[in-house]
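Taking it in order: structure first as structure tokens, then the write-up.
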Amino acid sequence: MNAMRALRAGVALLAACAIGAAPLVRNESSRSKGGFTIASAPYAFSFPRDHAAHDGYQSEWWYYTGHLHTREGRTFGYELTFFRIGLHPGDPKLAKTASRWRGNQLFPAHFALTDERDGKFEHFEKFSREALGAGSASESHLDVRVDDWHLEGTPVMHMHAHVPNGDTIDLAQTAQKKPAIHGHDGISKKAACASCASHYYSLTRLATAGTLRYGGATYHVDGLSWMDHEYGSDELQSNQAGWDWFAIQLDDKRELMLYRLRQKDGSPTPQSSGSIVNADGSVTYIPLSAFSTEVTGSWKSPHTGGTYPSGWRVKVPQANVDITLAPTVRDQELPNTTGNVSYWEGSVVATDAAGKRVGVGYVELTGYAGSISL
């Protein structure tokens, strides 16, 4: 999700900003939403195939967040996300003789960097159509491209993004754990209706290495990243205003994913949930009743006027988790992205009751600078 990302699907799908879709594949029912395949159980993931695109679903995204360290001791957070949005269900693949101006997919992408030493945050976006090959996502293997930004390869995943001010990331990602499947029976529920779900998995501990060009200097970096891949066709509903999504990598080699969907009346959506990924890679499902995310502060955006939570106490008693999350930089808002959607997504540090650092993570907040409307 990071949202969850399915929730993210709300961000990109709707506004061509964030959140995803899914595949025409095994164990799918014939049910559809407006002609698109909906995420339904049971669904059996198959890797590496399911790292690729699933054009039968309306929305899909590959969502990377992580923490980079330079040899000089500097630290950076980063986000790089590729979205795929289907425009018309069931359209056949274009013939080789068809006009290259035709296309059935949209491909937004977001890139953000957090300079944790100097307290700076920058973000960029691209938006391409399938036409003329400007945007693409392979259905057979991991290969996603939005203009000159790209993501490709398994088992080592390579990514590249370059922005007008010269800042660039070239990173290689290697999974240290198997994919963590969220939800039950291959689906992650977002509301009560039968179609309100996505197929959602994460690579929660990616060893990361490569180069970062920032501020005119080139750094060799290594670090730890998290990838969410999610796809579906009917995740969010009109009575939902947004969500809070947490992805935490604990120093004890466990990871925690939580998402709390918010109704427009302020109450949580009962289907909100999460997962604990244990050190051995096994996944424990966490219902809404088994975790809490208490807000400890707030931040008002000078860009949009929205007031966001800023700081949290997160408790999952069954996993003996009681931690505090603090943003490394307060202003990590992506304001007025494509579709006029604004959201906060940023790097955080986790500490225990004694104030000792116990992990790092990313938090995504939507619906605080205007509801996410689908």
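The values are calculated or read from the model by the stated rules, or taken from the named source; none is laboratory data. What you see is a predicted model; the values in this text were computed from it and never measured. A quick note on method: Cβ atoms are made from the backbone with ideal geometry, for glycine too, and the neighbour counts reach across all protein chains shown. Ligands, DNA and RNA are stripped out before the accessible areas are found, and what is left, the full protein with its side chains, is counted by its heavy atoms. Shrake-Rupley method; radii C 1.70, N 1.55, O 1.52, S 1.80 Å.
Tabulated results
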| read-out | value |
| --- | --- |
| Qualifying residue in segment 332-343 (condition: assigned to a strand (DSSP E or B), at positive phi and at pLDDT below 95) | yes |
| Only listed residue being of a type in the set (Lys, Arg) and over 22 Å from ILE181 (Cβ atoms), chosen from ARG330, ARG254, ARG260 | ARG330 |
| Residue satisfying all of: in segment 71-84; part of a strand (DSSP E or B), in contact with a His (Cβ under 7 Å, 6 or more places away or on another chain) and not acidic (Asp, Glu); nearest to GLU139 (Cα to Cα) among these | THR81 |
| Subset of segment 124-133 (residues that are over 15 Å from VAL144 (Cβ atoms) and loosely packed, with under 14 Cβ neighbours inside 10 Å) | LEU132 |
| In segment 39-68, the residues that are touching a Phe, Trp or Tyr at 6+ places or on another chain (Cβ under 8 Å) and over 21 Å from VAL146 (Cβ atoms) | ALA39, PHE45, HIS67, LEU68 |
| Residues satisfying the stated conditions in segment 91-123, i.e. modelled with pLDDT under 95 and loosely packed, with under 13 Cβ neighbours inside 10 Å | PRO92, LYS93, ALA95, LYS96, THR97, ALA98, SER99, ARG100, TRP101 |
| Residue in segment 309-318 that is among the basic types (Lys, Arg), open to solvent by 10 Å² or more (accessible area, probe 1.4 Å), part of a loop (DSSP other than H, G, I, E, B) and without any contact (Cβ under 8 Å) to a residue 60 or more places away in the chain present | no |
| Pick from segment 263-307, criterion hydrophobic (A, V, I, L, M, F, W, C) and part of a loop (DSSP other than H, G, I, E, B), ranking: farthest from TYR343 (Cα to Cα) | ALA279 |
| All strands (runs of 3 or more DSSP E) inside segment 95-204 with 3 or more residues being charged (D, E, K, R) | 120-129 |
| Segment 140-173, residues that are open to solvent by 40 Å² or more (accessible area, probe 1.4 Å), out of contact with any Ser or Thr (no Cβ under 8 Å at 6 or more places or on another chain) and either closer than 23 Å to ALA44 by Cβ or of a type in the set (Val, Ile, Thr) (or both) | SER140, THR154 |
| Considering residues of segment 145-168 that are of a type in the set (A, V, I, L, M, F, W, C) and farther than 19 Å from THR208 by Cα only, the residue nearest to the chain's Cα centre (by Cα) | VAL146 |
| Pair list, Cβ under 9 Å, 6 or more apart: segment 46-68 residue farther than 22 Å from GLY103 by Cα and part of a strand (DSSP E or B), other residue hydrophobic (A, V, I, L, M, F, W, C) and open to solvent by 20 Å² or more (accessible area, probe 1.4 Å) | GLY66/LEU224; HIS67/LEU224; LEU68/LEU224 |
